[in-house]
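The values are calculated or read from the model by the stated rules, or taken from the named source; none is laboratory data. Keep in mind that what you see is a predicted model, and the values were worked out from it rather than measured. A quick note on method: Cβ atoms are made from the backbone with ideal geometry, for glycine too, and the neighbour counts reach across all protein chains shown. Areas reflect the complete protein model, heavy atoms only, side chains present, ligands, DNA and RNA absent. Shrake-Rupley method; radii C 1.70, N 1.55, O 1.52, S 1.80 Å.
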Amino acid sequence: MCGIFGIASRTHDVFAELYDGLLMLQHRGQDAAGIVTYDGEFFRERKGAGLVKDVFGPQDATTLRGRLGLGHVRYPTAGSLSAAEAQPFFVNAPYGIYLVHNGNITNTAEQRAKVVGKYSRHLRTNSDSEILLNVLADKVSDAIKVNGTEDAVRNILAGVKMTMERVQGAYSVICLIAGVGLLAFRDPHGIRPLSVAKRSTPEGDEYSFASEDVAFGINGFEKIRDMAPGEAILVDLDGNMHTRQCVEGKLTPCIFEYVYLARPDSMLDGISVYKTQLRMGQTLAKQIMDSDFEIDAIIPVPDSARPAALEVANITGIRYREGLVKNRYVGRTFIMPGQSERQKSVRRKLNAMSLEMKGRNILLIDDSIVRGNTIKKIVQMCREAGAKKVYIASASPPVKYANVYGIDMPTKRELVANGRTTDEICEELGADGLIYQKLDDLIWAAKEGNPEIDNFDCSCFNGDYVTGVTPEYLASLETSERVSEKMKDEGVAPKKARKAAPAAG
């Protein structure tokens, strides 16, 4: 999970707008940030570890000049411990291409071997995004050999088509190409979100691309649509838009985007994240009413569980209370780098109010339970605050399988639901009762927003990977994650950590 953003303006420098857009996408990555701009002659780049506000300062408004630009916010996954892994990535030929990527490539070993062996390219990092960039560069070069150099747009779009035919996995991509323009494309399954927007000016239309449409409004753009799976769009230096359906696509977006990753005010593939979460609360409420739980108050785990918890309270008639106070200066625990850091961060992040806990039976509603670190600590905190009984309801089904498409849960062994029954999970978490959302109900909650979507990628819940993943690939993730997690917890220097699994974009 990362956030990507790009702007092609006709009239003015775009650094300030890229900065604002990345702030709106900060929830998608808090580990590193990067921006590159282009003035028609030179690229100007800055990237580093930390939040957007920490990486960039007022001085960058004068140095990062250019009417075209793109940006990236990253959260850490296997192999991405070094600041050198921060995006965007660059290759100087053909043309000169900068790339930002959200997702994860699943045939990295094969593609790395081809890039390094057949094409004799040198890779500076362990990132799958750098592999993707070099594959694209190779394929654009192949197109130039066939078509000549006169029609750059044709060559770029032909290169994207060949890249899609070669690369497997999830990828939403924005590229900045010297002498050509701003390019965006989305994988044939549309697993990760990507939208295009427009704003009208006296000089003509200007365009923007973003992981979530919340990045558009602050900059005066109006969303046109979500990009289609398998589609590429190129905005040239004159501001003209070129679109091409590179390969046949079938939209199967990641359902976990609606559970946790995306902001509630986002619309992804025609579906409101907020209304999906309300519907998740509706179906969860039915199970809660059928249970034997004796509940005095419903308390959400802030912030992303609030819509579901409010709907549960409305339907069941049980009073809703804010019993957990969030420290807004601590990042999202789910994306903390390393198990020990995630565990320590919980108490920094949340505080239980004894006023709402003491002597009461409470129902904690969380959007999901992944590793179980956060909710286990919260249950303990609630008991210390005086709660008599602590029940848990998860607005999503049990997370039992690795996510291989760019979310930081790459192995089954770290998932609390893997190999355990609901009762065993309940005992592990120290709760008095546990209810999970049913997968069919979650699919209904999302699909109700856009009935035209045939299916979703639900692989972390059911193990069914829409792109197809080999057992050997999953086994390699298990091995690599053990090494990477150990290095994170022990604070091994990033240069040594590069031997871990490929980092997701």
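Since only I318, A8, G117 are under comparison, the one whose Cα sits farthest along the positive direction of the charge dipole of the chain, derived from C-beta charges on Lys, Arg, Asp and Glu, is G117. Only protein heavy atoms count here; under a 1.4 Å probe, M267 has an accessible surface of about 80 Å².
Per residue, the chain exposes 38 Å² of solvent-accessible protein surface, assessed with a 1.4 angstrom probe and all protein chains in place.
Based on Cα contacts under 8 Å between residues 6+ apart, the stretch 237-312 shows a relative contact order of 28 percent.
Here is the tail figure for the chain: Cα pairs spaced more than 39 Å apart come to 23 percent of all pairs. Pairs exceeding 19 Å between alpha-carbon atoms, taken from K53/K223; K47/K349; K326/K376: K53/K223; K47/K349. Placing +1 on the Cβ of every Lys and Arg and -1 on the Cβ of every Asp and Glu, with no other charges, gives the chain a dipole of roughly 1340 debye about its Cα centre.
Split the chain at each of the chymotrypsin sites (Phe, Trp or Tyr not before Pro) in a DSSP loop with at most 15 other beta carbon atoms within 10 Å, and the longest piece is 120-328.
Close amide H pairs (under 5 Å, H built 1.01 Å from N) link M409 with N403, residues at least 5 positions away or on another chain. DSSP loop GluC sites (Glu not before Pro) in the stretch 109-164 with at most 15 other Cβ atoms within 10 Å of their Cβ, which ones? Hits after loop and neighbour filter: E150. Solvent exposure of D238, expressed as accessible area, is near 110 Å², computed with a probe of 1.4 Å over the protein chains only. Summing Lys and Arg as +1 and Asp and Glu as -1 over all other residues whose Cβ lies under 15 Å from the Cβ of L310 gives a net charge of 0. Restricting attention to the stretch 377-487, the count of lysine pairs at 8 or more positions apart or across chains with alpha carbons under 18 Å apart stands at 6. Over all other residues within a Cβ to Cβ distance under 12 Å of I144, the charged ones net out to -1, with Lys and Arg as +1 and Asp and Glu as -1.
Within the shell of other residues whose beta carbon sits under 13 angstrom from the beta carbon of A178, the net charge comes to -3, with Lys and Arg scored +1 and Asp and Glu -1. The portion of the accessible surface of the chain made up by carbon and sulfur, rounded to a whole percent, is 48 (1.4 Å probe; DNA, RNA and ligands excluded). Relative to its Kirkwood radius, the Cα radius of gyration of the stretch 387-467 gives an Rg/Rh of 1.03.
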